[in-house]
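For reference, the structure is listed below as structure tokens.
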Amino acid sequence: MQRRDFLKKAGVVAASASFSPLMFANAQAATYKFGMVTSWPTSLDTIYGGALNTAKFLSDITDGDVQVEVFPAGAQVGGLEVYDAVSSGAFEMGHTASYYYVGKDPAQAFFTALPFGLNAQEQNAWLYSGGGQAMWDELNAADNLIAFAAGNTGVQMGGWFNKEINTVADLQGLTMRIPGLGGQVMSKAGANVQVIPGGEIYLALERGAIDATEWVGPYDDEILGFNKVAKYYYAPGWHEPGPTLGTYVNLDVYNSLPGDIQSAIQQASKGANMQMLADYDAKNGPALQRIIDAGGVELRTFPTEVLSALEGYANTLYAEYADSSPMFAKFWPEWVKFRDEIRGWHRISEQAYLNYSIPQ
Ligand code: CA
């Protein structure tokens, strides 16, 4: 009966706020049909799978009451236009990464990944149980959005290099494809940062137009074949230690939904969040072994001195962000408090165990 009340309300909203005609039509069909635009090509099957899983779980949980049509990047809007497309109500839902939108507000970075920030487990703890979701809600509400974690790659790889990185000086003049905040940090370290689309990286590396590139991790990197055109595979992905991807919903649409459907969206997103992390963790091990077995690539870790220097540049960047963004300045101390508390715990729990179970 609550459902029926909603249907009347949705009709009014659709007529008055010019939402997608889809919503008006489906109100009469007694089913919610939403369009979900995403930032992902279908070739990134695990990440795109986060969007597909959100849609599938949402349909399963609601016994088909909610149907979501998922669109890859470019099918309806460009990969970096998802935020605006859902904010405006052109599409009811989206699946993207908040840090693509740091140009709108640097505070967007917290909800995907900060270089040298939280890993996947810590990111989930912060969002679900540490106050992060309330901060994300505050930031998103200003753009008529609400979002929920719906995917995580786990810690990424540092990238593919054709030059050895032994000291901080080796970063100077290094030409590297590394977008986002990691790119800004590398730029401060003196690197020549390039931002080129995924499909063009292989040729750029092969021809020497770039010395290095980051992508995701063994499973996705193997698909693009970087092991055939780079000598060194560096860990860890300090720039993306546990990036969260999100299911976005237009806030007017979300607020017009009955509580059970709102909860279903949250739980479907949570299911997709866990599934993607599990998928990556299960796929990356065998992929890494295949890359090693194929030969021609040396697995390396960045020297501590290099990581420390990069973290220093990252902290400089965060001080600049706090100066330019009131929201970043507001979230930063709370985030730092959470980070330090959970690291105090993980030092003696996760780290103590892994130090023994995975010997050097
Ligand atoms: Ca990456």
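The values are calculated or read from the model by the stated rules, or taken from the named source; none is laboratory data. Remember, predicted model here, so these are calculated numbers, not experimental data. Every residue, glycine as well, gets a Cβ built from its backbone with ideal geometry; the counts of neighbours run over all protein chains shown. Just the protein is used for accessible areas: all its heavy atoms, side chains included, with ligands, DNA and RNA removed. Shrake-Rupley method; radii C 1.70, N 1.55, O 1.52, S 1.80 Å.
Select from segment 102-133 the residues that are farther than 19 Å from D340 by Cβ, open to solvent by 10 Å² or more (accessible area, probe 1.4 Å) and more than 16 Å from the ligand (Cβ to nearest atom) and list them in ascending order.
Answer for segment 102-133, where residues must be farther than 19 Å from D340 by Cβ, open to solvent by 10 Å² or more (accessible area, probe 1.4 Å) and more than 16 Å from the ligand (Cβ to nearest atom): G103, K104, D105, P106, Q133.
So the check is Cβ under 7 Å with 6+ separation or different chains; which pairs have a first residue in segment 204-228 that's of a type in the set (V, I, T) and in a helix (DSSP H, G or I) and a second one that's open to solvent by 10 Å² or more (accessible area, probe 1.4 Å) and away from the ligand (no atom under 13 Å from the Cβ)?
Taking only residues 6 or more apart or on different chains, the pairs are I223/S43.
Which of (1) in contact with a Pro (Cβ under 8 Å, 6 or more places away or on another chain); (2) of a type in the set (F, W, Y); (3) open to solvent by 30 Å² or more (accessible area, probe 1.4 Å) does F302 not meet, given it meets every other one?
So F302 meets the others, but not (3).
Taking R347 as the residue in question, decide whether it is more than 20 Å from the chain's Cα centre (by Cα) and touching a residue at least 12 places away in the same chain (Cβ under 8 Å).
Details: more than 20 Å from the chain's Cα centre (by Cα): yes; touching a residue at least 12 places away in the same chain (Cβ under 8 Å): no.
No.
From the list A209, A230, exactly one residue is farther than 22 Å from N315 by Cα and away from the ligand (no atom under 16 Å from the Cβ). Which is it?
Being farther than 22 Å from N315 by Cα and away from the ligand (no atom under 16 Å from the Cβ) holds for just one of A209, A230, which is A209.
Cβ-Cβ distance below 6 Å, separation of 6 or more or different chains: which pairs start in segment 176-199 with a residue that is under 17 Å from E311 (Cβ atoms) and assigned to a loop (DSSP other than H, G, I, E, B) and end on one that is among the charged types (D, E, K, R) and within 14 Å of the ligand (Cβ to nearest atom)?
Note: pairs meeting the criteria are I178/E214.
Among A278, A272, A268, A264, which is the only one that is touching a His at 6+ places or on another chain (Cβ under 9 Å), closer than 19 Å to Y128 by Cα and not charged (D, E, K, R)?
The unique qualifying residue is A272.
Identify, by number, the condition in (1) surrounded by 17 or more Cβ atoms within 10 Å (Cβ to Cβ); (2) over 12 Å from the mean Cα position of the chain (by Cα); (3) not in a helix (DSSP H, G or I) that W136 doesn't meet.
Result: W136 fails condition (3) only.
Kindly check whether there is at least one residue in segment 152-175 that is hydroxyl-bearing (S, T, Y), in contact (Cβ under 8 Å) with a residue 12 or more places away in the chain and in a helix (DSSP H, G or I).
The answer is no, given that none of the residues of segment 152-175 is hydroxyl-bearing (S, T, Y), in contact (Cβ under 8 Å) with a residue 12 or more places away in the chain and in a helix (DSSP H, G or I).
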